[in-house]
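Student: Handing you this structure, nothing more for now.
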Amino acid sequence: MRHLMNPLDFTVEELENLFVLANDIEKNPAKYAHVCAGKKLATCFYEPSTRTRLSFEAAMYNLGGNVLGFSDAGNSSAAKGESVADTIRMISCYADICAMRHPKEGAPLVASEASSVPVINAGDGGHQHPTQTLTDLLTIRSLKGHLDNLTIGLCGDLKFGRTVHSLVDALSRYKGMRFIFISPDELRIPDYITEMLDEKKIPYEEVIRLEDKMPELDILYMTRVQKERFFNEEDYIRLKDFYILNKAKMRLAPQDMLVLHPLPRVNEISTDVDSDPRAVYFKQAQYGVYVRMALIMTLLELTA
C-alpha cells in the first residue's frame, strides 16, 4: 500500500506513467467511467478549500466511485478533541482511500502511519501540496510538451507558498532547469529550498522586480499573498498587492510563455489577462481533475 505525502514519493518514471494515464483519461473519459465503482473516497479537510476538495470529489465521481467526508474540522470529531490518528483509523473502516488537508505540517504523514487505506496529502500548512504539484507538472507537460530545459519564474508569496515549495522540489529532478524567485524580502524563498538547489548545482536567482525577468521566462507561476499565513494584518495589507500581473507586463513576455496559478486569485492577476491565450490557470484547474483521477487509480492499483 502506498501513500502520497510529497511529490518526491513518485520517481520521475512513475510520474511519467501517471501523466500518460491522465492524458488518456482526458481523451477517453468514458473508458474510465466505472473504474472505481463500489469504491469510496474520504475527503478530510480541516481547513477551507474549493478547488482541491471539489476536484478530488469530481475525480472520484468521474471514476464511478462515491465520496464521503467533511469540509470543516468543526463538523468532525476533531472539534471534540479526537486526534488525527484516531480519525484516520475510523475513516479506514468506511472508505478505500483518503485525501486529507490540514493546517499543521506533517498531519497527513501522521495519518498515513495509522491508516489501513492509502492517504493523499491534500496540503499540510505551509509545507507541501503534492497533488497541486502533479497538476502543475501535468499542465506544463501537456502544453509545453516536456518538463526539462525550462526557465521558471515563481512570483509572490514564496515563503509560505506550499505549492511553490512542492513544485521546486519536483522540477529539480529534471535536467536543464533554471529558477527565478521573484518576491519582496519578507516573502523570499526559504533557505532549505535554495540550499537544495545549491547542492544539486541548479541555477537560480532571487529578484524583486517582475518586469525585469519577464522576457526570460518559459513559465510564470503566480501566487497570492496568503492572509491566513500572516500573524500581523498590517504586514499582509502592506504586501498583498506587491505584484499585479496585467496586460502591460504580459507584453514583456515571450509569446509562448505560460502563466500558471494554483488559485484562488485575489488581486495578483488582473482579469484583463484572462483572455490572453498564455493564461492557462483555469485550464490548469481542469488538469487537476485528470491527474487526481489517475492518482486515485494508481494508489488503488486499478486499471481501466
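The values are calculated or read from the model by the stated rules, or taken from the named source; none is laboratory data. This structure is a prediction, so every number in the text was calculated from the model and none was measured. Cβ: placed from backbone, ideal geometry, glycine included. Neighbour counts: every protein chain shown.
Student: Starting from the range 20-32, keep only residues that are farther than 13 Å from Arg141 by Cα, then list their pairs with residues that are hydroxyl-bearing (Ser, Thr, Tyr) whose Cβ atoms are within a distance under 7 Å, requiring at least 6 positions of separation or different chains.
Tutor: Close Cβ pairs (under 7 Å, with a partner that is hydroxyl-bearing (Ser, Thr, Tyr)) amount to Ile25/Tyr32; Ile25/Tyr290; Glu26/Tyr290.
Student: Still on this structure: Tell me which residues, restricted to the range 146-181, are closer than 23 Å to Thr298 by Cβ, surrounded by fewer than 21 Cβ atoms within 10 Å (Cβ to Cβ) and either of a type in the set (Ser, Thr, Tyr) or without any contact (Cβ under 8 Å) to a residue 24 or more places away in the chain (or both).
Tutor: Those that are closer than 23 Å to Thr298 by Cβ, surrounded by fewer than 21 Cβ atoms within 10 Å (Cβ to Cβ) and either of a type in the set (Ser, Thr, Tyr) or without any contact (Cβ under 8 Å) to a residue 24 or more places away in the chain (or both): His146, Ser172, Tyr174.
Student: Name the single residue, out of those in the range 275-304 being more than 21 Å from Asp24 (Cα to Cα) and in a loop (DSSP other than H, G, I, E, B), that is nearest to the chain's Cα centre (by Cα).
Tutor: Residue satisfying both the conditions and the ranking: Arg278.
Student: Also, I was wondering about something else. On the basis of being outside the structural domain of Val117 (by TED's automatic domain parsing) and either of a type outside the set (Gly, Ala, Ser) or crowded, with 18+ Cβ neighbours inside 10 Å (or both), does Met60 make the cut?
Tutor: The answer is no for Met60.
Student: Would you please list the contacts, defined by Cβ atoms under 7 Å and residues six or more apart or on different chains, that run from a residue in the range 71-88 that is surrounded by 13 or more Cβ atoms within 10 Å (Cβ to Cβ) to a residue that is part of a helix (DSSP H, G or I) and at pLDDT below 65?
Tutor: That search, which allows pairs on different chains as well, returns Ala73/Ala79; Thr87/Ser77; Thr87/Ala78.
Student: Quick check: anything in the range 266-274 surrounded by 18 or more Cβ atoms within 10 Å (Cβ to Cβ), in a loop (DSSP other than H, G, I, E, B), of a type outside the set (S, T, N, Q) and touching a helix residue (DSSP H, G or I) at 6+ places or on another chain (Cβ under 9 Å)?
Tutor: no
Student: Which residues, taken from the range 17-52, are in a loop (DSSP other than H, G, I, E, B) and either in contact with a helix residue (DSSP H, G or I) (Cβ under 6 Å, 6 or more places away or on another chain) or closer than 15 Å to Ile296 by Cα (or both)?
Tutor: Matches in the range 17-52: Ala33, His34, Val35, Cys36, Ala37, Gly38, Lys39, Tyr46.
Student: Name, by its number, the condition in (1) more than 30 Å from Glu211 (Cβ to Cβ); (2) of a type outside the set (Ser, Thr, Tyr); (3) in contact (Cβ under 8 Å) with a residue 40 or more places away in the chain; (4) surrounded by fewer than 23 Cβ atoms within 10 Å (Cβ to Cβ) that does not hold for Ala122.
Tutor: (4)
Student: Among the candidates Gly65, Gly38, single out the residue that is exposed (fewer than 13 other Cβ atoms within 10 Å of the Cβ) and in contact (Cβ under 8 Å) with a residue 24 or more places away in the chain.
Tutor: Result of the check over Gly65, Gly38: Gly38.
Student: Filter the strands (runs of 3 or more DSSP E) completely within the range 54-150 down to those with at least 3 residues that are of a type in the set (D, E, K, R), modelled with pLDDT under 95 and within 22 Å of Val289 (Cβ to Cβ).
Tutor: none
Student: For the range 24-31, indicate whether the set of residues that are closer than 16 Å to Ala294 by Cα, crowded, with 18+ Cβ neighbours inside 10 Å and among the aliphatic types (A, V, I, L, M) is non-empty.
Tutor: Yes, the range 24-31 contains at least one residue that is closer than 16 Å to Ala294 by Cα, crowded, with 18+ Cβ neighbours inside 10 Å and among the aliphatic types (A, V, I, L, M).
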